[in-house]
Amino acid sequence: MSTQSFTFTENSSPASSERLSQVLAAPGFGEYTTDYVAKIDWAGEDPQHGEWSNARIEPYGPLALDPATAVFHYGQEVFEGLKAYRHMDGSVWLFRPDANARRLRRSARRLALPELPEELFLEAVESLVRQDSRWIPDGEGTSLYLRPFIIATEKFLGVRPSREALFEVIASPAANYFGSPEPVDIWWSRDYARAGVGGTGAAKCGGNYAASLVPQLEGEAHGCKQVMFTDENRDHAVEELGGMNVFFVLSDGSIVTPALTGTILEGVTRMSIIELARDRGHAVEERTITVGEWRDGVASGEITEVFACGTAAVVAPMGRLVYEGGEIPAASQTNGEVTTWLRTQLTGIQTGRVEDRFGWMTQVI
Ligand code: COI
C-alpha cells in the first residue's frame, strides 16, 4: 500500500483539559494513554507474501480479539519504543525513528511476522504524534513515549506463522523511567537467562521481557530495581539488563559495552551513545566484559563509572551489583563526568538544546 493514505476517525470524547493538565504535570512512565491510535492491517499467505491495508488513525480503545487468536498462545509479537520531544519553540521532533523502523523489521523477521515498510512506520508514528500533540509534555525530562507493535491476529491454534497481523502505535506521556536520578542497584540473576544463542535475544519481542519478570521480582526482593543477565558459558559475560544496555567507563577515559552477540538487543540509545562518545574522542570497545572484570575493575579503580541506557531509561547511573551471597560496590563515580556528559548531550540533542550535528532528529510539527 502507498503512504499518505491514513483515514481518520475523530474521538468524540477526548480527555478534558483538566484531566490532561493533571496527567502532564506528573506523567510517570507508562501509566496513561492518549486519545488516538494508529493501525494498519496485514493479511497474507506467509510473512513474505502479503499486503498491508486499511491504515487509519482512530480513537484509543480496547481491541476485540477472539480467545483463539495466535498472539495469545504462541507469543508472536514484536514491539518498539521511541519518543517525541517538544522543543522550546513549540516544535515537535522524533529521535531516530528510522532506526526503530529498521529494528522492527528485523524483529518481525525473527518472529515470522510481516515486515512493515519503513515509510509506513514513519507515517503512522508521525500521524499519531500530530493527532495527539496536546499530550506531549514540556517539563524537564519529559516526552511522549511511542509504542509501536505488531501482533499475530489470525484465529488459529496450530503452530505456524499467522496469516493475519495488526500493526498498532499507542502513545503515553512519560517522565523518568526510574522515578529518580539516583543510581540504580542491579540484581545479578544467576538462575535465569534472558536469551540463548540462536534464540530471540536480539529481537524486541514480548517473550524476552516476560522471561525477565521472575528474576526482576527476585531483584526487587533484594532491593534492586533492575536485573542483569550474563552468559554462563562465556565466564559470566555481561549481556544486558531487563530492558536496557550497559556501559563501563574506564579510568583512561575509554568505554566498554558488551558486543552484539545475537543474544542482546541492538539499542538505538546504545548506538547513539557509542557515536557520541567516539565523536568526543573516547575509545569505545564493543567486546566481552565479564562480572570478574567488573569486580576487579571497581576494586582497582580501573572502572570508574557504570551506566545503563535505553529509550525509556535514557542514561541511568548504576549503583551496586547485588547477587546471592555478595555484591560488587558501585564504581567510584556514580553520575560521573562521562555519564553526565553523555546524558546531557543526548537529551540536549533530543530536546533541541544541543545542535543536532548527527542529523538524528525528524521534525513532526
Ligand atoms: C524502551 O526503552 O523503549 C523499552 O522498550 C524498554 C522497557 C524497559 C520500557
Quick check, is Glu168 among the charged types (D, E, K, R), open to solvent by less than 30 Å² (accessible area, probe 1.4 Å) and under 29 Å from Thr142 (Cα atoms)? yes
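Listed here are the residues, each with its yes/no results for (1) within 16 Å of the ligand (Cβ to nearest atom); (2) outside any strand (DSSP E or B); (3) not assigned by TED's automatic domain parsing to the domain that holds Pro215.
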{"position": "Ile274", "(1), (2), (3)": "no, yes, no"}
{"position": "Cys309", "(1), (2), (3)": "yes, no, no"}
{"position": "Pro317", "(1), (2), (3)": "no, no, no"}
{"position": "Asn335", "(1), (2), (3)": "no, yes, no"}
{"position": "Asp356", "(1), (2), (3)": "no, yes, yes"}
Pairs with Cβ under 8 Å, 6+ apart, first in the stretch 7-31 and closer than 22 Å to Ala313 by Cβ, second assigned to a strand (DSSP E or B) and not hydroxyl-bearing (Ser, Thr, Tyr): Val23/Pro173; Leu24/Pro173; Pro27/Pro173; Pro27/Ala174; Gly28/Ala174; Phe29/Ala174; Gly30/Ala174
State which residue is farthest from the ligand (Cβ to nearest atom) when the search covers only the stretch 5-24 and only residues that are surrounded by 10 or more Cβ atoms within 10 Å (Cβ to Cβ) and of a type in the set (Gly, Ala, Ser). Ser5
Of all residues in the stretch 276-305 being under 28 Å from Leu104 (Cα atoms) and either of a type outside the set (D, E, K, R) or in a helix (DSSP H, G or I) (or both), which is most open to solvent (accessible area, probe 1.4 Å)? Arg278
Subset tally (residues that are open to solvent by less than 60 Å² (accessible area, probe 1.4 Å) and either in contact with a strand residue (DSSP E or B) (Cβ under 8 Å, 6 or more places away or on another chain) or not assigned by TED's automatic domain parsing to the domain that holds Ser162 (or both)) for the stretch 67-92: 17
Could you please tell me which pairs satisfy a Cβ distance under 8 Å, a separation of 6+ or placement on different chains, a first residue in the stretch 132-144 that is in a helix (DSSP H, G or I), and a second residue that is charged (D, E, K, R) and open to solvent by less than 40 Å² (accessible area, probe 1.4 Å)? Trp135/Asp35
Residues that are touching a Lys or Arg at 6+ places or on another chain (Cβ under 8 Å), at pLDDT 95 or above and farther than 30 Å from Asn233 by Cα, drawn from the stretch 167-205: Phe167, Glu168, Val169, Ile170, Ala171, Ser172, Ala174
Sort through Arg147, Arg96, Arg109, Arg102 and tell me the only one that's closer than 20 Å to Gly267 by Cβ, surrounded by 19 or more Cβ atoms within 10 Å (Cβ to Cβ) and among the charged types (D, E, K, R). Arg96
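Only one of these is on the phi > 0 side of the Ramachandran plot and within 18 Å of the chain's Cα centre (by Cα): Gly179, Gly198, Gly206. Name it. Before you say what the answer is, go through the steps one by one.
Details: Gly198 fails: within 18 Å of the chain's Cα centre (by Cα); Gly206 fails: on the phi > 0 side of the Ramachandran plot.
Checking each option against the conditions leaves just Gly179.
Taking the criterion of being away from the ligand (no atom under 16 Å from the Cβ) and part of a helix (DSSP H, G or I), would at least one residue in the stretch 48-60 satisfy it?
The initial filter retains those residues of the stretch 48-60 that are away from the ligand (no atom under 16 Å from the Cβ), namely 48-60.
Narrowing further to those that are part of a helix (DSSP H, G or I): none.
Among the residues of the stretch 48-60, not one is away from the ligand (no atom under 16 Å from the Cβ) and part of a helix (DSSP H, G or I), which makes the answer no.
Does Ile264 satisfy the criteria of being part of a helix (DSSP H, G or I) and under 22 Å from the mean Cα position of the chain (by Cα)? Outline the logic, then answer.
Working: part of a helix (DSSP H, G or I): no; under 22 Å from the mean Cα position of the chain (by Cα): yes.
The answer is no for Ile264.
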Working carefully through the options Thr34, Thr3, find the one that is of a type outside the set (D, E, K, R), touching a helix residue (DSSP H, G or I) at 6+ places or on another chain (Cβ under 7 Å) and at pLDDT below 95. Thr3
Would you mind stating whether Gly28 is surrounded by fewer than 16 Cβ atoms within 10 Å (Cβ to Cβ) and within 16 Å of the ligand (Cβ to nearest atom)? yes
Output for the stretch 321-355, where each listed residue is touching a Pro at 6+ places or on another chain (Cβ under 8 Å) and buried (at least 20 other Cβ atoms within 10 Å of the Cβ): Thr339
Tabulated pairs, the stretch 78-106, first away from the ligand (no atom under 15 Å from the Cβ), second open to solvent by 10 Å² or more (accessible area, probe 1.4 Å) and among the basic types (Lys, Arg), C-beta under 8 angstrom, 6+ apart or interchain: Met88/Arg353; Val92/Arg86
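Looking at the stretch 186-197 only, could you name the residues that are part of a loop (DSSP other than H, G, I, E, B) and touching a Ser or Thr at 6+ places or on another chain (Cβ under 9 Å)?
Our first condition is that a residue be part of a loop (DSSP other than H, G, I, E, B); within the stretch 186-197, this holds for 189-197.
Within the stretch 186-197, Ser189, Arg190, Tyr192, Ala193, Arg194, Ala195, Gly196, Val197 meet the criteria.
The values are calculated or read from the model by the stated rules, or taken from the named source; none is laboratory data. Worth saying up front: this structure is predicted, and the values here are computed from it rather than measured. Quick reminder, even Gly has a Cβ in these numbers, built from the backbone with ideal geometry, and neighbours come from all protein chains shown. For the accessible areas, the whole protein counts, side chains as well, though only heavy atoms, and no ligand, DNA or RNA atoms are used. Shrake-Rupley method; radii C 1.70, N 1.55, O 1.52, S 1.80 Å.
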